[in-house]
1. Going by what's in this entry, would ARG147 be described as closer than 18 Å to LYS238 by Cα, buried (at least 24 other Cβ atoms within 10 Å of the Cβ) and charged (D, E, K, R)?
2. Filter the helices (runs of 4 or more DSSP H) completely within the stretch 158-242 down to those with at least 1 residues that are under 17 Å from the mean Cα position of the chain (by Cα).
3. Scan ALA26, ALA42 and give me the residue that is surrounded by 21 or more Cβ atoms within 10 Å (Cβ to Cβ) and over 16 Å from ALA85 (Cα atoms).
4. Out of the stretch 58-80, which residues are touching a Lys or Arg at 6+ places or on another chain (Cβ under 9 Å) and of a type in the set (A, V, I, L, M)?
5. Search the stretch 106-134 for residues being closer than 15 Å to GLY89 by Cα and among the hydrophobic types (A, V, I, L, M, F, W, C), and hand back the single one that is nearest to the chain's Cα centre (by Cα).
Amino acid sequence: MDLFLNQARVIVTAGAGGIGRAIVEAFLSEGARVATCDIDDAGLATLPDNVFYRRVDVSQTIELTAFMDDAVQALGGLDCLVNNAGIAGPSGRIEDLSLEAVQQCLAICLTSQFVTIARAVPHLRDSENASIVNISSLAGRLGFRLRSPYAAAKWGVIGLTKSMAIELGDDGIRVNAVLPGLVSGDRQRRVLQARADAQGISFEDAESDAFVRTSIKEYVSPQQLADQILLLASPRGKTISGQAISVCGDTGMLG
């Protein structure tokens, strides 16, 4: 299927590895031009030569703003912004969490998306196929025991997405959120290990518990998420906006 993304100008945050790397490579495979940022120096160094990249801590507004401006200039405009940057945040009961860790989680998972969208919108208005895709989480729809900062940030992403869809609709900019469930990879293993440690159970028990209320008991692959994002970013998704789309194997509860 031709998604008509050849020469599309795309920014993906946190694109050096994991889900972000799959998104970057998926856009490149369609002939898009891509810019990305990350704090993973090793991962950035292995990106293809035709990718504009920079080391950026998205919790640092000045760094992030400068990257957005330079990336748009390097691409010659902007058609799609994918807000992928995020961290797992602290695990534990709310009374045991440090405020610093909570604030860091909110800054990276939510505030950074306000920053990137604000810088992207003036350029997206000039695109004939403008879209924003924000990565939320199933935790942003269901909540997540012992992961309240992460869940709160991801609920915020959905509120931001819906508000931006309404606000930017007259400009022809569609805005959607993608909500991954249990995604295969090192990050998910670390999340499950943190949950196991917090609950005093084995990793295997934490993993089994994670799938108890999931119809399709398989991890979601980063490629599946990338495929969904490509559709939303393509002209074939031109009337899809304001949606929170779960890619989760039909999970009913987390934690």
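1. Values: closer than 18 Å to LYS238 by Cα: no; buried (at least 24 other Cβ atoms within 10 Å of the Cβ): yes; charged (D, E, K, R): yes.
For ARG147, the condition - closer than 18 Å to LYS238 by Cα, buried (at least 24 other Cβ atoms within 10 Å of the Cβ) and charged (D, E, K, R) - is not met.
2. Values: elements: 186-199, 203-210, 222-233.
The qualifying helices (runs of 4 or more DSSP H) are 186-199, 222-233.
3. On the way: ALA42 fails: surrounded by 21 or more Cβ atoms within 10 Å (Cβ to Cβ).
Every option except ALA26 fails the conditions.
4. Filtering the stretch 58-80 down to residues touching a Lys or Arg at 6+ places or on another chain (Cβ under 9 Å) leaves 63-72, 74-80.
Within the stretch 58-80, LEU64, ALA66, MET68, ALA71, VAL72, ALA74, LEU75, LEU78 qualify.
5. Step by step, filter the stretch 106-134, then rank; the result is CYS109.
Every read-out reported here was derived from the displayed coordinates using simple, explicitly stated rules and does not represent laboratory data. Note that the coordinates shown come from a computational prediction; the quantities given were computed from them, not determined experimentally. Ideal geometry is used to build each Cβ from the backbone, glycine not excepted, and the neighbour counts take in all protein chains shown.
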